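Colleague: Quick one: the structure is below, and I'll ask about it shortly.
Throughout, read-outs are computed from the coordinates displayed, never taken from laboratory work. Since this is a predicted model, take the numbers as computed values, not measurements. Using ideal geometry, Cβ is built from the backbone for each residue, glycine included, and neighbour counts are taken over all protein chains shown.
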Amino acid sequence: MKILASVHNKERLDSFLHGISKYVDEIYASGGTCRFLTDSGFACRNISTLTGFEELLHGRVKTLHPAIFAGILSRRDPESSSQLQERGFPEFDMVIVNLYPFDEAAKTHKLEDMIENIDIGGLSLLRAAAKNYDHVTILSDPSQYDSVAAELQQNGKISGETRKRLALKAFSRSADYDISIYGSMNGELFGTTPPTMYLKGTRGRELRYGENPDQKGYVYSDGTQYGIANATQLQGKELSYNNILDADSAFETALEFTDPVAVVLKHNTPCGVSSAADINTALRRAIAADQESAYGSVIAINRKFDSGSLEAISKLFVEVIIAPEYDPDALEGLKKKKNLRVLRVPLVPDHNPRVRSISNGFLVQSRLSTQYEKLEQKTSTAASREQLRDLEFAWKVVAHSRSNAIVLAKDMATTGIGAGQTSRIEALKVAVERAGERSRGSVLASDAFFPFYDNVELAGKSGISAIIQPGGSIRDDEVVAKAEELDIPMYFTGKRVFLH
């Protein structure tokens with residue numbers, strides 16, 4: 001077997017070649033790789049003996065030569081073999097190549113670093129070897145060494161099926177590399193949204209089904225260790241499509257808070273949220289905010305899940321628990337709920353654009369932010385310090401509730417949530433009905449402006465103590481006047497947090 005090696009990452013290359021040495025006839029390698037292998041005790045031939053030139057332009061040109069690519073792309077038929085023999089070119093059976101670390105260079109945001117880490121020859125070798133998978137084994141990552149060595153040692157050859165899988169992985173690596181270059185270079189050169197957008201996901205897996213049993217469902221990762229797509233599942237049944245959607249919404253809501261917070265979520269919108277001095281108080285209050293809806297919910301907390309947290313959910317049926325870490329004893333206790341899905345997720349916000357599919361295309365937007373430039377008092381009466389704290393709390397929750405949405409809150413806990421309604425007054429009616437007597441003294445947050453003052457009238461009848469809303473209606477003056485009349489402090493944020 002003749003091998004061509006040209007790698008940036010030389011990790012474990014020597015041990016791999018030692019392990020398959022009895023199957024190796026010749027090794028050709030580019031300059032740096034050849035020096036590494038020679039130092040490791042291998043008889044390695046520099047590719048310059050084939051190409052007739054040393055590396056050019058400080059290594060920018062090494063492998064781009066017919067003597068290399070003809071040996072990779074040969075069809076192994078008499079005509080191809082004859083042409084190579086006439087020129088003294090070898091036919092390569094295995095190509096080992098990995099690429100310059102462009103993604104690492106892109107993190108520096110230095111164009112010179114990025115440009116010098118755009119691999120040309122390596123990418124060409126990758127594609128050529130993958131194209132000729134009928135005859136060539138392409139290794140594009142050190143993680144493939146063990147399985148390929150094991151197959152060689154067991155069978156004395158690499159199967160066609162393995163070559164196909166390795167080729168497809170090489171094409172995937174090539175596509176991923178080009179997408180990274182395109183996106184990063186566009187950002188550095190123009191700083192705008194690229195005219196063409198490519199989506200890439202890794203570690204894709206099929207789910208049991210999609211939103212409904214007759215739909216196919218899949219989940220992909222962005223390749224990092226963060227977010228729900230990369231959560232570590234510590235126990236429980238397989239996550240469903242809907243579990244993942246709900247878990248993501250609960251996680252995003254929890255990220256809004258730095259103080260201890262618990263989010264109870266159902267059908268992709270919060271049904272109970274509370275922030276308190278300690279996480280277990282927050283968790284108990286979030287569940288109590290809507291005990292009925294909490295049944296079969298997804299719960300996210302932003303502190304360690306401990307024995308107190310375990311006690312708080314002990315009598316509740318929960319689908320998914322999300323936390324950044326778990327106390328070992330609490331984790332052991334959770335095992336009694338065998339079907340409960342337990343996720344460990346670092347609390348790191350993802351600022352990448354949000355993508356939503358539509359028929360024959362997709363929509364892209366920046367991540368929702370609840371931050372506003374200035375909180376503007378519109379009424380002569382001001383809210384108390386406690387009311388302002390509750391208004392800020394409710395504002396963060398309503399931003400993650402499906403529109404039209406109204407959130408009522410008191411003492412840093414929701415008392416009633418009306419979400420997903422086709423009119424704002426209906427959303428308020430739902431929130432008030434959920435809250436019952438707890439609406440009295442609660443503050444109110446609306447994710448978009450009040451189109452009419454009827455919302456303020458109902459708020460007054462329900463005992464609402466203060467209101468926060470974006471403002472921007474053509475009837476703002478009427479709405480503020482009604483709040484003034486009812487002695488309800490009203491504040492404008494100047495931004496909408498409407499969530500479809």
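Colleague: Work out how much length residue 143 to residue 336 would gain on full extension: take 0.36 nm times their residue separation and subtract the Cα-Cα distance, in nm to one decimal.
Modeller: 65.8 nm
Colleague: Still on this structure, please answer the following. For the chain, what is the calculated [θ] at 222 nm in deg cm²/dmol (nearest 500), taking -39500 (n - 2.57) for each run of four or more DSSP H residues and dividing by its residue count?
Modeller: Calculated mean residue ellipticity at 222 nm is -11000 deg cm²/dmol.
Colleague: In addition: For the Cα atoms of the chain, what angle does the longest principal axis make with the long axis of helix 385-398, in degrees from 0 to 90, nearest 10?
Modeller: The helix 385-398 is inclined about 50 degrees to the chain.
Colleague: Could you calculate the contour length gain from residue 500 to residue 39, that is, 0.36 nm times the residue separation minus the distance between their Cα atoms, to one decimal place in nm?
Modeller: 159.8 nm
Colleague: Give the angle, between 0 and 90 degrees and rounded to the nearest 10, that separates the Cα long axis of helix 121-131 from the longest principal axis of the Cα atoms of the chain.
Modeller: 80
Colleague: Take residue 481 and residue 209, extend 7 Å from each Cα along the Cα→Cβ direction, and tell me the distance between the two endpoints in nm.
Modeller: 5.5
Colleague: Please grab the % of Cα pairs in the chain that end up more than 37 Å from each other.
Modeller: 48
Colleague: Relative to the present Cα-Cα distance, how much length would full extension add between residue 2 and residue 200 at 0.36 nm per residue of separation?
Modeller: Going from the current span to full extension adds 67.9 nm.
Colleague: Angle check, please: helix 145-155 long axis (alpha carbons) against the longest principal axis of the chain (alpha carbons), in degrees 0 to 90, nearest 10.
Modeller: Here the helix axis deviates by roughly 50 degrees.
Colleague: Percent of Cα-Cα pairs per 5 Å bin, from 0 to the last occupied bin, for segment 2-189, please list those.
Modeller: Spelled out bin by bin, segment 2-189 gives 1, 8, 16, 19, 20, 17, 10, 5, 2, 1, 0 percent.
Colleague: Give me the percent of DSSP beta bridges within segment 231-344 that run antiparallel, rounded to the nearest 5.
Modeller: That works out to approximately 60 percent antiparallel.
Colleague: List the trypsin sites (Lys or Arg not before Pro) in segment 389-477 that DSSP assigns to loop (not H, G, I, E or B) and whose Cβ has at most 16 other Cβ atoms within 10 Å. Which are they?
Modeller: Hits after loop and neighbour filter: 440, 475.
Colleague: Between residue 258 and residue 190, take the C-beta separation as r, use R0 = 35 Å, and let me know the FRET efficiency to the nearest 0.05.
Modeller: Here the calculated transfer efficiency is 0.50.
Colleague: While we're here: Say each of residue 75 and residue 291 gets a label point 7 Å from the Cα, pointing the same way as Cα to Cβ; how far apart are those two points in nm?
Modeller: Output for this residue pair reads 7.8 nm.
Colleague: Could I have the simple spin-label model distance between residue 15 and residue 314, label points 7 Å from Cα toward Cβ, reported in nm to one decimal?
Modeller: Output for this residue pair reads 4.8 nm.
Colleague: If you build the Cα gyration tensor of segment 231-344 and take the root of 5 times each eigenvalue, what three semi-axes come out, in whole angstrom, biggest first?
Modeller: Those come to 17, 16, 13 Å.
Colleague: Could you work out how far the C-alpha centroid of segment 467-495 sits from that of segment 10-83, in angstrom?
Modeller: Using only Cα atoms, the two centres lie 73 Å from each other.
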